[in-house]
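J.: Have a look at this one before I ask anything.
The values are calculated or read from the model by the stated rules, or taken from the named source; none is laboratory data. Treat the numbers as computed from the prediction; the structure is a model and nothing was measured. So basically every Cβ, Gly included, is an ideal-geometry build from the backbone, and we count neighbours across all protein chains shown. Keep in mind that these areas ignore ligands, DNA and RNA; they rest on the heavy atoms of the full protein, side chains included. Shrake-Rupley method; radii C 1.70, N 1.55, O 1.52, S 1.80 Å.
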Amino acid sequence: MSVPPESPSEHNEEPPEEQFQSDSHHPAAPSDELFDITTTVDPSHIISLIRKLLPANVKHGELCKITTSSPPENGGNQSCSIDESQTMKKFENFVEQSLDGKLCCQNKHEDVPAVEEAWEEFGCILWDLAASRTHAEFMVENFVLEVLLATLMISKSARVTEISLGIIGNLAFHDVSRKKIASINGLIGAVLQQLFLDDTPCLSEACRLITLFLPSDESVFLAEALQSEHILCRILWIVENTLSIQLLEKSISLLLAIAESKQDVVAILLPPLIMLGLPHILVDLLSVEISKLIKERSPERYSILDLILQTIEALSVIDDYSQEICSNKELFQLLVQLIKHPDKAEFANCCVTASVLTANILTDATDLALEISQDMLFLQGLLDVFPFASDDIEARSAIWSILARLLVQIQKTDMSPSNLHQHVSVLTSKSEVVEDELLNYSFDDSSDDHRSSSKLKARTFALNGIVEILSRWRALEDDMKGTLSMEGCYVNERDVDKMLHYCCKYTKFTAEELLNGVIEQKGNHLTSGYPSERIRGECVVDRCCRSAWCLGIWPLAAWVLSLITTGFTSLAGILECSYQLDCAKARGDNFLVGNGHFKQVFGS
């Protein structure tokens, strides 16, 4: 786009620096051309800044070799060729005018640091302006990408490269300018080459730029350029070896973006990354971060810990790679260690993500639930996560699913009175947390989608397990209870009664909802109605959950009452429904949880 004639009023509005006043070298635009841009920044000033970024030590012919777009797929498209030719002519004129101005103004004795300092000043202004969509579109129309490509190709200054990548990164936020970035021949390749620099700010900006591209429509184009083993090895090397917190965060964000990308991108990039040891690298990073968390509190590292967990969790719900994640015992032990941490407030998001990932792992590796079923600190730590997940129904469903699995394992073991007392002590100490969670859940239950989902089933299994454990404790002799309380695990019987009351109340409600679902199924057969796929929020139910329903007076009473309220007035109807539920429990309908991406699997 040509530059409009500059009036005296425009000179008064521009900054006082003389370097911005270069009308003797910038030709005036035709009188019939006006800028179609609404902005408080003078458009001619933006063009002036772009021109000042052109490398003055490059010959005109070399710059004109930079094409404005990739070759068209259809070689017979004459109109496309004409448009390219016209764009090329405009760019040649732009370069010629800009270089002529530079050569006329350039002081032969001007030192390089002074030139670089001026370039940095102009570049930072454009970096800020590129955050605006209007400015970004105007800038790409006036060849800022071609200028930045030329700069990346010849610049030896790390600061100049960082600013160039930063401008392109801000431009990549906007759809129009991002599409233009993908169309500039050689620009993506030039950006990827910057990954092999040893400068931390440049690497951070390069990772940020690539991350912004992955969720877009141009992601497949980028993935094809990124799939080289040489480039992927370099990215993993940066993740493993950088000491910069900022660069570590940006590089892990890039890996997370790959794992959460479209299926086409995942198919291109994840197989080579897995072959190069991505899961092992992530577990090692998690180990380092948890170790630092325990030894010293560094709030700036909490976001890194959460990003690592999110990336592992994203891999855990992709069918081709979930087994490798879920079979990693070191990972499971690290997650348990994190959930057991007593002070979670500062890194609550990390604990929520860890809980969801744990739920995923327990679905594929059910034997691990037995290992932690007697860990009182884990049970207590898991219940402590509930308040931090109050605004995330899917994460809360994941916690309920873990509880369901743990309580099933507890019920399958012959607990001594002392062990039973310890479990009741932990449960009643968190009775208010559980009650608040159930109150929150009552609002979620109002939606039809939630009432028909397996989230409801996991909570019901967990509540029945709690009721059974509390009922067992109440059946102990009073002398036994007193002796056990004196040993250090005090239990208030009023707290037990209160917890029994509201657990039975909500068990009754959810059982009624589940039974209504049974009635609605064709032929009175209990089926789930959910596809066998990972989706966020589906809950874990163990194959051996039969005892959680069938044992204990309280759950049985609540269950029978729910049958009556749903209209089963005949004994035959009650027995038929009981048979259907028992068959479903014996089959072991299973549901896998994942933070952001859950699946559901049915056992045979």
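J.: Across the range 448-462, which residue is modelled with the lowest pLDDT among those that are under 26 Å from the mean Cα position of the chain (by Cα) and of a type in the set (Gly, Ala, Ser)?
T.: Ser453
J.: Residue check, Tyr506 against (1) among the hydroxyl-bearing types (Ser, Thr, Tyr); (2) at pLDDT below 75; (3) crowded, with 17+ Cβ neighbours inside 10 Å, all met but one. Which one?
T.: Answer for Tyr506: the failing condition is (2).
J.: Six or more apart or on different chains, Cβ under 9 Å: which pairs go from a residue in the range 111-131 that's without any contact (Cβ under 8 Å) to a residue 60 or more places away in the chain and part of a helix (DSSP H, G or I) to one that's open to solvent by 60 Å² or more (accessible area, probe 1.4 Å) and of a type in the set (A, V, I, L, M, F, W, C)? Could you list them?
T.: Nothing qualifies.
J.: Going residue by residue through the range 290-313, is there one that turns out to be touching an Asp or Glu at 6+ places or on another chain (Cβ under 7 Å) and of a type in the set (Gly, Ala, Ser)?
T.: yes
J.: If Leu226 satisfies every condition in (1) open to solvent by 10 Å² or more (accessible area, probe 1.4 Å); (2) in contact (Cβ under 8 Å) with a residue 12 or more places away in the chain but one, which is the exception?
T.: (1)
Yes/no matrix, rows are residues, columns are (1) surrounded by 18 or more Cβ atoms within 10 Å (Cβ to Cβ); (2) among the basic types (Lys, Arg); (3) outside any helix (DSSP H, G or I):
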residue: Glu162; (1), (2), (3): yes, no, no
residue: Ile167; (1), (2), (3): yes, no, no
residue: Leu195; (1), (2), (3): yes, no, no
residue: Arg208; (1), (2), (3): yes, yes, no
residue: Pro215; (1), (2), (3): no, no, yes
residue: Lys250; (1), (2), (3): yes, yes, no
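J.: To continue, here is another question. Does Ser327 qualify as being without any contact (Cβ under 8 Å) to a residue 12 or more places away in the chain, open to solvent by 10 Å² or more (accessible area, probe 1.4 Å) and of a type outside the set (D, E, K, R)?
T.: No: the conditions fail for Ser327.
J.: Suppose we filter Leu293, Leu276 for residues that are at pLDDT 95 or above and surrounded by fewer than 21 Cβ atoms within 10 Å (Cβ to Cβ); which single one remains?
T.: Of Leu293, Leu276, the one residue that is at pLDDT 95 or above and surrounded by fewer than 21 Cβ atoms within 10 Å (Cβ to Cβ) is Leu276.
J.: Moving on. State yes or no: is Leu403 open to solvent by less than 40 Å² (accessible area, probe 1.4 Å) and either modelled with pLDDT under 85 or at negative phi (or both)?
T.: Taking the combined requirement at face value, the residue satisfies it.
J.: For the range 340-362, indicate whether the set of residues that are touching a strand residue (DSSP E or B) at 6+ places or on another chain (Cβ under 7 Å), open to solvent by less than 30 Å² (accessible area, probe 1.4 Å), within 17 Å of Gln409 (Cβ to Cβ) and touching a residue at least 12 places away in the same chain (Cβ under 8 Å) is non-empty.
T.: No, the range 340-362 contains no residue that is touching a strand residue (DSSP E or B) at 6+ places or on another chain (Cβ under 7 Å), open to solvent by less than 30 Å² (accessible area, probe 1.4 Å), within 17 Å of Gln409 (Cβ to Cβ) and touching a residue at least 12 places away in the same chain (Cβ under 8 Å).
J.: Might you check whether a residue that is outside any helix (DSSP H, G or I), modelled with pLDDT of 90 or more and open to solvent by 10 Å² or more (accessible area, probe 1.4 Å) occurs anywhere in the range 309-316?
T.: Within the range 309-316 (the criterion being outside any helix (DSSP H, G or I), modelled with pLDDT of 90 or more and open to solvent by 10 Å² or more (accessible area, probe 1.4 Å)), the answer is no, since none of the residues qualifies.
J.: Another one. In the range 366-392, which residues are of a type in the set (A, V, I, L, M, F, W, C) and open to solvent by 40 Å² or more (accessible area, probe 1.4 Å)?
T.: Leu370, Leu377, Phe388
J.: Still on this structure, please answer the following. Looking only at the range 463-492, which residues are of a type in the set (D, E, K, R) and modelled with pLDDT under 85?
T.: Glu477, Asp478, Asp479, Lys481, Glu487
J.: Another question about this same structure. Just to confirm my filter: which helices (runs of 4 or more DSSP H) fall fully inside the range 328-422 and include at least 3 residues that are more than 30 Å from Asp478 (Cα to Cα)?
T.: 329-339, 348-364, 368-372, 393-412
J.: Looking at (1) of a type in the set (A, V, I, L, M, F, W, C); (2) under 16 Å from Tyr321 (Cβ atoms); (3) modelled with pLDDT under 95, which one does Leu256 not meet, given that it meets all the others?
T.: (3)
J.: Okay, next question. Is one or more of the residues making up the range 433-443 at pLDDT below 85, open to solvent by 10 Å² or more (accessible area, probe 1.4 Å), aromatic (Phe, Trp, Tyr) and closer than 20 Å to Met499 by Cα?
T.: Within the range 433-443, one or more residues are at pLDDT below 85, open to solvent by 10 Å² or more (accessible area, probe 1.4 Å), aromatic (Phe, Trp, Tyr) and closer than 20 Å to Met499 by Cα.
J.: Failed condition for Ser316, given (1) in contact with a Gly (Cβ under 7 Å, 6 or more places away or on another chain); (2) closer than 24 Å to Asn241 by Cβ, with all others met?
T.: Condition (2) is where Ser316 drops out.
J.: Would you be able to tell me the number of residues in the range 179-188 that are more than 26 Å from the chain's Cα centre (by Cα) and either more than 26 Å from Glu137 (Cβ to Cβ) or open to solvent by 40 Å² or more (accessible area, probe 1.4 Å) (or both)?
T.: 3
J.: If you check Glu313, Glu296, which single one turns out to be among the charged types (D, E, K, R) and within 25 Å of Ser373 (Cα to Cα)?
T.: Glu313
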